[in-house]
C-alpha cells in the first residue's frame with residue numbers, strides 16, 4: 001500500500017515571511033517568537049530534508065557576539081552547552097622554515113576564555129536542525145522543501161510565491177526578510193550589490209574522526225607551554241603564511257573542518273579549486289598537515305569551494321518593510337569568525353524594527369539610525385582584511401595586528417553587544433560617543449601594519465605568545481561577562497580608548513625602529529595620526545605636545561612587551577644585513593616618485 005503523507009501548506013497571510021531556513025533565517029524566527037510570541041512568522045527553506053551533520057555549510061566558529069546572540073536572544077544556550085563544543089579562543093601559528101615542524105612556529109592565542117563569556121565551535125547541520133525544531137515549538141510556521149519563486153513588494157503588503165513538488169502557493173506578508181544566503185534574492189532583484197574591494201577565495205572539507213595537531217609532536221617543552229595538555233585543539237586554529245591561512249576547527253560530532261582562505265595575488269584559485277590540486281598545495285605550503293592527511297584521504301567527507309566571496313549591499317533595511325539578513329546582505333572574510341556577529345547585528349536591528357512596527361510604533365527615526373550604524377560597524381571591519389594578506393607570514397607584524405584587532409573587538413563591539421546596548425539608543429549613543437575617536441584608528445592601524453611589513457621582514461621562530469602577561473587584554477575580555485550600569489560603561493569605555501591609543505603609540509615605535517631615521521621616542525605623538533610615512537608626519541600632525549610619549553604609553557599598557565618577539569627571546573632566522581637591505585630597498589621604492 002502506498003504511504004499517504006499529509007502535506008502542510010503555508011497560510012495565506014503572515015506578519016513576516018523569512019525567505020531562507022539557514023542560520024540567519026532560523027535564528028531570526030526564534031528571536032521573533034521569543035520577543036513577540038503573537039507574531040505570525042513564516043520560514044521557508046528550499047532544502048527538503050534536515051541538514052546533514054558534519055558535511056554541510058562552512059561557518060562553524062562563533063566568537064563572542066555571535067555566541068551571545070545565539071545563547072540569549074535565540075535561547076539556544078542549552079543546546080550549545082550540550083551538543084556543541086565550548087571554544088577556547090583563537091590560536092595562530094605563523095610560518096617557520098618549510099612548516100614541517102609546528103613546534104618551531106611562532107604561536108599566538110587570545111586570552112584563555114573567561115567562563116562568563118562564551119564562544120562555540122558549531123556543527124552547522126546539528127545547530128540548524130535544532131533551530132528549525134525550536135522555531136516550530138515556539139510557534140513559527142517553518143517549512144522545508146518550499147522554494148521561493150518570486151517576491152512582489154507592495155505598498156500595504158508583500159506577496160511571496162512559493163513552490164513545493166509541483167504545488168504553488170502565494171502568501172501575503174507585511175514584512176519580508178531575505179535570508180537566502182548567497183542566492184541574494186532581494187539584493188539581486190533590487191540591484192543593491194556593492195563591492196568591498198577585498199578579493200579572496202576559500203576551499204574546505206571535513207575529515208572524519210577529527211585530528212589533534214598536538215599529536216604532531218612529542219616535544220615536551222612545546223606541549224607544556226599551554227595551561228593544560230590538549231586544550232590547543234579546542235581553539236579555532238589558524239596555520240598562516242604569506243597570502244593565506246588554513247583553519248582547523250574541531251566539531252562535537254567527531255570530524256574536523258579544514259579550510260584554506262587565500263589571496264589570489266599570492267595563490268591562484270586554480271591551485272585550490274579541486275581536491276587533488278589543494279592536496280598538492282598543502283604539500284608545498286603546509287607539509288606537516290599534508291602528511292597527516294595523506295594516509296586518511298578515504299576519510300574526507302566533502303569538498304567545497306567559493307571564489308571571490310567578499311561583497312556588500314548598498315542598503316540593508318527599508319521603510320518599505322524588508323531587510324536583508326546574514327549573507328543575503330554582506331560577507332567580508334571568515335578570519336576572526338565574524339559571520340555570526342553580522343547575523344546578530346542585522347537580526348537584532350531588523351527584529352527590533354519589525355516588532356515595533358507590528359506594535360504600531362513609528363520606526364522611521366530608528367530605522368535611519370540602524371541603517372547608518374550598520375555601516376559604521378561593517379565598513380571599518382572591512383579595513384581589517386582588505387590588502388592585509390601579504391603580511392600573514394610576518395610573525396612580528398602579525399603579533400601586533402592580532403593583538404590590536406582582537407583587543408579592539410573586545411573593547412568596542414563586543415563590549416556594547418554583550419551588555420545589551422545595541423537597541424537602547426540613548427545609552428548606545430552615550431557609549432559610542434566615547435568610542436568615536438577610536439573608530440578611524442582601526443583603519444589607520446591597518447595601514448601601519450602594511451607599511452611596517454614593507455620595511456621589516458625578519459623571520460622569527462620558536463616562541464609561544466599566549467596572552468597571559470598583558471593584563472589589560474585579559475581585563476578587557478573578562479569585562480564582557482561582568483554586568484555594568486551605564487555610568488560604569490562610559491568610564492570603562494574611556495579607559496579602553498586610552499589603552500587602544502597607547503597600543504598605537506607602542507606599535508608605531510616598534511615599526512618606526514626600522515626606518516632609516518627613527519623618530520625620538522621621547523617626543524610626544526598624536527596616537528590617532530600614527531603612520532610609517534615620514535613624508536606625511538608634519539601634514540598629519542603626528543607630533544603634538546598634548547600627545548603621548550612611548551614611556552607614557554607603556555605606563556598605560558604594562559606587560560605589552562609580551563608581544564615583542566625580540567624581548568620574548570624568539571630565534572631570529574634571517575641575518576641582520578639581509579633584513580636591513582630589505583628595509584632600505586622597501587623604503588627607497590616607496591619614497592621614489594611615480
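Here, each number is a calculation from the coordinates, and none is a lab measurement. The structure displayed is predicted, hence computed values, not measured ones. Here Cβ is always computed from backbone atoms with ideal geometry, including for glycine, and neighbour counts include all displayed protein chains.
Quick notes
- Per-q log10 I(q)/I(0), segment 313-462, q = 0.09, 0.13, 0.19 Å⁻¹ (Debye; single scatterer per alpha-carbon; no solvent): -0.35, -0.66, -1.19
- Dimensionless Rg over Rh [segment 261-376; C-alpha; Kirkwood]: 1.19
- Relative contact order for the chain: 16 percent, from Cα pairs under 8 Å spaced at least 6 residues apart, divided by residue count.
- Sorted peptide list for 362-370, 386-394, criterion being average Cβ within 10 angstrom, highest first: 386-394, 362-370
- Nearest-ten-degree value, helix 425-435 long axis tilted from longest Cα axis of the chain: 20 degrees
- The ranking of 397, 382 by Cβ neighbour count inside 10 Å, starting from the fewest, reads 382, 397.
- Largest first, the extents of the alpha carbon coordinates of segment 66-188 on the three principal axes equal 61, 35, 30 Å.
- Remark on segment 458-584: Rg and Dmax equal 17.2, 55 Å (Cα only).
- Of all DSSP beta bridges in segment 1-142, antiparallel share, percent nearest 5: 50 percent
- Angle of helix 439-455 to the longest C-alpha principal axis of the chain, folded into 0 to 90 degrees and rounded to 10: 50°.
- Counting all C-alpha pairs of segment 237-312, share separated by more than 16 Å (%): 52 percent
- Each stretch of four or more DSSP H residues adds -39500 (n - 2.57); spread over every residue of the chain, this sum gives -11500 deg cm²/dmol at 222 nm.
- Restricting attention to the chain, close to 70% of DSSP beta bridges with both partner residues there are antiparallel.
- For 165, 299, order by how many other beta-carbon atoms lie within 10 Å, fewest first: 165, 299
- Per-q log10 I(q)/I(0), segment 195-345, q = 0.10, 0.15, 0.17, 0.20 Å⁻¹ (Debye; single scatterer per alpha-carbon; no solvent): -0.43, -0.88, -1.06, -1.31
- Against the rule of thumb 2.2 N^0.38 Å, how large the Cα Rg of segment 501-544 comes out: 1.00
- Tilt relative to the chain, helix 275-285 - C-alpha long axis, 0 to 90 degrees, to 10: 20 degrees
- Shown for segment 159-283 is the translational diffusion coefficient from the Stokes-Einstein equation, using the Kirkwood radius over Cα pairs, a temperature of 20 °C and a viscosity of 1.002 mPa s: 114 µm²/s.
- Put in order of Cβ neighbour count within 10 Å, fewest first, the listed residues 36, 265 become 265, 36.
- Where the alpha-carbon atoms of the chain are placed on the principal axes, they occupy 81, 58, 49 Å, in descending order.
- The convex hull drawn around the Cα atoms of segment 402-498, when projected onto a plane and averaged over every direction, covers 7.3 nm².
- Segment 375-457: translational diffusion in µm²/s, Stokes-Einstein, Kirkwood Rh over Cα pairs, 10 °C, 1.306 mPa s: 115 µm²/s
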